[in-house]
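One structure below.
The values are calculated or read from the model by the stated rules, or taken from the named source; none is laboratory data. In this text, all values refer to a predicted model and were calculated from it rather than measured experimentally. Cβ atoms come from the backbone with ideal geometry, glycine included; neighbour counts cover every protein chain shown. We work out accessible area using only protein heavy atoms, side chains counted, and drop any ligands, DNA or RNA first. Shrake-Rupley method; radii C 1.70, N 1.55, O 1.52, S 1.80 Å.
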Amino acid sequence: SVPLILAAPSVWAAPVRKPAPKPKLIALDPGHGGHDPGALGYRGTQEKGVVITVARDLARELQVGGRYRVMLTRTSDTFVPLRERVARAQEARADLFLSIHADSHPDPEVRGASVYTLSEEATDREAAALAARDNQSAPAFPPSRLVARTLVAMAQRGTVNHSCKFANSIVATFGRSGILLLPRSHREAGFAVLTSPDIPAALVELGYLSNPRDEKLLTVRQHQMALARALRASMDAYYAPPRPAPRA
């Protein structure tokens, strides 16, 4: 007799859709504000106004597409202490922290953007002096003790490496976008505003207000929006999945 073979019924399974990733919360920190104007430009431009404009432009860029949510540590011309800025980002459980500044220098010929991450020892005297100026609004801030403790906690969580990856992403994206960078564009110093142990953080200096060309650029809307687009692209690159290793 011929054996009877029963075919299994065909089952059409609906494709399983992966849930959309939760939007990342980006904390943007426009430096200074209120009674603290920050750096003053060659023609009197105030840092606090430039950086909040770029922060608002960046917030709008980030909100397109639903990939990110955004919080600002200050939304108007108000003074917020450095520790309060960090606390606001921590309370909101931000995924990434970017402090936005514009520098000044005794030499008016110096110009270009730079990016900083937290370190107990500054990479150079200029970085140390910059951190000291920016930390002036936190008089109770004990730099060496707090930074040392923070760096230990960051190392345990892997936050140091993530912060450096983020900073390098900004440098690379600025370079591709044609934004002028300082030599040794990624530097390190003991910035009080970067001392959240569980949030990867960087501080970007958009340029030097003490340089006439940088000051003019930093007040031009087209350049401000170009900076915002480049910073958005740097965050896209930071969160991009790693490329698969080439096959041997």
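Just checking, which of Ala228, Ala237 is open to solvent by less than 20 Å² (accessible area, probe 1.4 Å), out of contact with any Gly (no Cβ under 7 Å at 6 or more places or on another chain) and either within 27 Å of Ala87 (Cα to Cα) or basic (Lys, Arg) (or both)? Lay out the reasoning, then the answer.
Numbers: Ala237 fails: open to solvent by less than 20 Å² (accessible area, probe 1.4 Å).
None of the others qualify; the one that does is Ala228.
Which condition from (1) open to solvent by 70 Å² or more (accessible area, probe 1.4 Å); (2) not in a helix (DSSP H, G or I) is the one that Glu205 breaks?
Of (1) open to solvent by 70 Å² or more (accessible area, probe 1.4 Å); (2) not in a helix (DSSP H, G or I), only one is false for Glu205: (1).
Quick check on this structure: which one of Thr73, Thr150, Thr173 is under 19 Å from the mean Cα position of the chain (by Cα), modelled with pLDDT under 95 and among the hydroxyl-bearing types (Ser, Thr, Tyr)?
Thr150
If you take the residues in segment 17-32 that are part of a strand (DSSP E or B) and open to solvent by less than 20 Å² (accessible area, probe 1.4 Å), which one is farthest from Ala102 (Cα to Cα)?
The selected residue is Leu25.
Residues in segment 95-110 that are small (Gly, Ala, Ser) and either open to solvent by less than 10 Å² (accessible area, probe 1.4 Å) or free of Cβ contacts under 8 Å to residues at least 12 places away in the same chain (or both): how many?
Number of matching residues: 2.
Among (1) touching a strand residue (DSSP E or B) at 6+ places or on another chain (Cβ under 8 Å); (2) modelled with pLDDT of 90 or more; (3) crowded, with 19+ Cβ neighbours inside 10 Å; (4) among the charged types (D, E, K, R), which single condition is Asp57 missing?
Unmet condition: (1).
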